[in-house]
Amino acid sequence: IVGDIGTNGASGLEFILGYTFLERSTDAIRRYKETDMRSLGKKSSFDLPTMSLSKNTADSNAKTASLTQFIADCTPSQQMTTDQGLHVADTDNWLRVASESTVGPALLEDHLAREKIMRFDHERIPERVVHARGAGAHGYFKAYDSSAERWTKANVLIDASRVTPVFVRFSTVQGSRGSADTVRDVRGFAVKFYTEEGNWDIVGNNIPVFFIQDAIKFPDIIHAVKPEPQNEVPTGQSAHNNFWDFVGLQPESAHMIMWVMSDRAIPRSYRMMQGFGVNTYTLLNAAGETHFVKFHWIPELGVHSLVWDEALKIAGQDPDFHRKDLNEAIESGAYPKWRLAIQVIPEKDEHKFDFDILDATKIWPEELVPLHFVGEMVLNKVVDEYFSEVEQVAFCTSNVVPGIGFSDDPLLQGRNFSYLDTQLSRLGVNWQQIPINRPVCPVMNFQRDGQMQMKIHKGTVNYWPNRLDAVQPVAVSEGGYHDHVRKISGMAQRMRSPKFNEHYSQAQLFYNSLSPTEQAHLQSALAFELSHCEDPIVYRNYINVLNNIDYELAKYVAVAVGGDVPDAPGKQNEGHKSAKLSQVYYAPKEPTIKGRRVAILLADGFDKAEVVGIKALIASASANAFVIGPRRGKVFAAGEKIGVEGGGIDADHHFEGQRSTMFDALVIPSGEHAALLMKSGRAVHWLREAFGHCKPIGAVGEAILLVQEALNLPEVQYADPTDSSAEVVESYGVVTTAKYDVTTAIGDALKMTLN
Ligand code: HDD
């Protein structure tokens, strides 16, 4: 590892660690493992407007400030009381009948014990019927400019002087609250904007389409994907009979299935996912004109995924991987950031497309309807308490502000009923008054009473109109909500519009648009899932669905899972593509390792100056370095006496305590410690596993031999460890150099920090 090797202006370390995330050739990866690869591609020309935002606007965030009044700080100086404020002297012993020789029965009259147990017995509330497992964070949204006023009068989207507080909850869909983060699943991406005109929620996913077209099918798809009724199996998986049975019989899900079997469903991090409002909403401008709109979130860090083997292992090794990742990034100052973009269609053009723009199983291809970037969202504060914030936050698709409205999208119409309804059973009728759900603007109306009413409404009238003119409606011209005016006529019928009947063209479009690596992953995912279906009716039927998308895909899966190999395509794959559907397209313009986790593998006898330099470089690139050693605590450098106080470097974890799966890259400094590492089966496994998962590996000096031995792959080229004048050699993501130039590296680190 050297300082500046002049790649894209990035430092040597950014090159070593960053390029693999962005630029590693798919060919190189494929050569190592067909089925087990990280999806990567070329740097894209994706060019976006940028804006500067102050680093931390937490102070100016009206929502986080409003929450402070509810914070009960558990500090050592606090005195323990009952819920009624009575000081408690003993919280450990139930009141008992005791004599000198025996301690007899417990007394039910112990009001302190009864209160404590009663409160405990009722701690749980119903988990969300879907999206039960999640993580959340606070932040803010800021519009770039007023350019969207052509379409909307929503101030949150057009007033660049505003900082609108947001709360975001990410989630999986299928698993229960205690399930693992890294399972194959859709990810929820729900954003609550606390605007000055009221709360606005975009309750979206990391996939732009949905399984079904009509909300009345939601209970069916969810029953089918959730654990089966007879045995409550499986958890956190769609790989079972009932799911594939249902989607096989309901081919409107074909497009969504392609996305869910792609790498999108195993994200590396919540910070590296796109978000989509999915449904078609409307925008209303000051002139009263209506446009249809779709919302998109584009992550600053690009869209990245785990490989399946990593996802499976992490689900066991660290089921909270995504939760921790979100908090780690925010706490280390690598604030996750997304740009909000909209796609807009004038009301008059509703029927101009060969798909129905109100069908949630269809995207609006960006070649037809381009993105317009309206603003930026940054997450900069972790929650103080999970339950009161993440568990109690309640999103509703019906929460909109003036300038934003609904469409006749039949999924959205049903959602507008369902979210409001579900909050009643989870949180009760006064759920809006829970601190995390309260708007930051004033709330006043004649809705009253109900369980857990938190407000005391002062006044003599609780109805409208009233003789006092108390609490008056607000005219539309003064900011009152205005419903989109339209003429509706027709016969009440249970039906869908004709264009809703075409299910395969966009499934083909998505599949065709993936890179070869992404396609290989999708094929493996289907083969995995259908192998878990025991009923041949189920997998045979699904192969027929696949045969309507792509003949080769159907054949591959049929062979893998033992189904009937089709002898002709069902529907012809039309071969259409859209560049913006592959996640490779979203690689950031400049390589970055912001918020990435880098392991430095050590044993006693490493080069200390090198390790200090490497750590500084990693930190200066806003990434997190972790020293992994034979034991947690002190590991001693070359020339240091083992066990002597004052020496050594602190290892954050030992080889068994964490595995390579938890890190994005691996660096092994020079020194005689390499010989010790070579003797450790686990250290060698670290290297092999990291290489198998296509992670960058850096090795200096003596560590080159270790890597060479551990990988034992003739294709990989290494620097000559004995030739200190030799350059850096990169081959298959393994970066080796004979000597680490400490001066340059630290100089570079400083430069980067100062910049
Ligand atoms: Fe939903 C939760 C996203 C269709 C009914 N949904 C929920 C959450 C997200 C989504 C992100 C979790 C919110 C949170 O973090 O609290 N749902 C979607 C998307 C859909 C979608 C993108 C398709 C466009 N959902 C959908 C339909 C229905 C529901 C069609 C019902 C007819 N969804 C619910 C729900 C949940 C929910 C049962 C469970 C917990 C909650 O609402 O608050 O009402």
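Counting only strands (runs of 3 or more DSSP E) that fall entirely inside the stretch 153-227 and contain at least 3 residues that are out of contact with any Leu (no Cβ under 9 Å at 6 or more places or on another chain), within 14 Å of the ligand (Cβ to nearest atom) and farther than 18 Å from residue 326 by Cβ, the qualifying elements are 198-205.
For every residue, the table says whether it meets (1) surrounded by fewer than 23 Cβ atoms within 10 Å (Cβ to Cβ); (2) out of contact with any helix residue (DSSP H, G or I) (no Cβ under 7 Å at 6 or more places or on another chain); (3) not in a loop (DSSP other than H, G, I, E, B).
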site: 609; (1), (2), (3): yes, no, yes
site: 631; (1), (2), (3): yes, yes, no
site: 634; (1), (2), (3): yes, yes, yes
site: 639; (1), (2), (3): yes, yes, no
site: 645; (1), (2), (3): yes, yes, no
site: 650; (1), (2), (3): yes, yes, yes
site: 661; (1), (2), (3): no, no, yes
site: 675; (1), (2), (3): yes, yes, yes
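Would it be correct to say that residue 429 is more than 13 Å from the ligand (Cβ to nearest atom), surrounded by fewer than 21 Cβ atoms within 10 Å (Cβ to Cβ) and of a type outside the set (Ser, Thr, Tyr)? Considered against the rule, which asks whether it is more than 13 Å from the ligand (Cβ to nearest atom), surrounded by fewer than 21 Cβ atoms within 10 Å (Cβ to Cβ) and of a type outside the set (Ser, Thr, Tyr), residue 429 comes out as yes.
Of all residues in the stretch 357-409, those being more than 15 Å from the ligand (Cβ to nearest atom) and of a type outside the set (A, V, I, L, M) number 15.
Only one of the numbered conditions (1) surrounded by fewer than 13 Cβ atoms within 10 Å (Cβ to Cβ); (2) touching a helix residue (DSSP H, G or I) at 6+ places or on another chain (Cβ under 6 Å) is not met by residue 495, and that is (2).
Table: residues versus (1) loosely packed, with under 11 Cβ neighbours inside 10 Å; (2) closer than 27 Å to residue 114 by Cβ.
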site: 63; (1), (2): no, no
site: 72; (1), (2): yes, yes
site: 79; (1), (2): yes, yes
site: 87; (1), (2): yes, yes
site: 95; (1), (2): no, yes
site: 98; (1), (2): yes, yes
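Suppose the filter is among the hydrophobic types (A, V, I, L, M, F, W, C) and within 30 Å of residue 285 (Cβ to Cβ); does residue 488 pass it? Answer is yes for this residue.
The residue that is farthest from residue 255 (Cα to Cα), counting only those in the stretch 384-406 that are surrounded by fewer than 19 Cβ atoms within 10 Å (Cβ to Cβ) and of a type in the set (A, V, I, L, M, F, W, C), is 387. Can you spot a residue in the stretch 572-590 that is crowded, with 20+ Cβ neighbours inside 10 Å, farther than 30 Å from residue 365 by Cβ and in contact (Cβ under 8 Å) with a residue 12 or more places away in the chain? Looking for residues that are crowded, with 20+ Cβ neighbours inside 10 Å, farther than 30 Å from residue 365 by Cβ and in contact (Cβ under 8 Å) with a residue 12 or more places away in the chain, one finds none in the stretch 572-590, hence no.
Answer yes or no as to whether residue 160 is surrounded by 22 or more Cβ atoms within 10 Å (Cβ to Cβ), assigned by TED's automatic domain parsing to the domain that holds residue 331 and at pLDDT 95 or above. Judged against the criteria, residue 160 is not a match. Just one residue in the set 124, 133 is within 16 Å of the ligand (Cβ to nearest atom), closer than 27 Å to residue 66 by Cα and over 24 Å from the mean Cα position of the chain (by Cα); that residue is 124. For the stretch 224-234, state whether one or more residues are at pLDDT 95 or above, crowded, with 21+ Cβ neighbours inside 10 Å and either in contact with a Ser or Thr (Cβ under 7 Å, 6 or more places away or on another chain) or not aliphatic (A, V, I, L, M) (or both). Within the stretch 224-234 (the criterion being at pLDDT 95 or above, crowded, with 21+ Cβ neighbours inside 10 Å and either in contact with a Ser or Thr (Cβ under 7 Å, 6 or more places away or on another chain) or not aliphatic (A, V, I, L, M) (or both)), the answer is yes, since at least one residue qualifies. May I ask you to list the residues in the stretch 106-142 that are loosely packed, with under 10 Cβ neighbours inside 10 Å and not in a loop (DSSP other than H, G, I, E, B)? Within the stretch 106-142, 120, 121 meet the criteria.
The values are calculated or read from the model by the stated rules, or taken from the named source; none is laboratory data. Small disclaimer: the values here were computed from a predicted structure and weren't measured. Cβ sites come from the backbone with ideal geometry, for glycine too, and all protein chains shown count toward neighbours.
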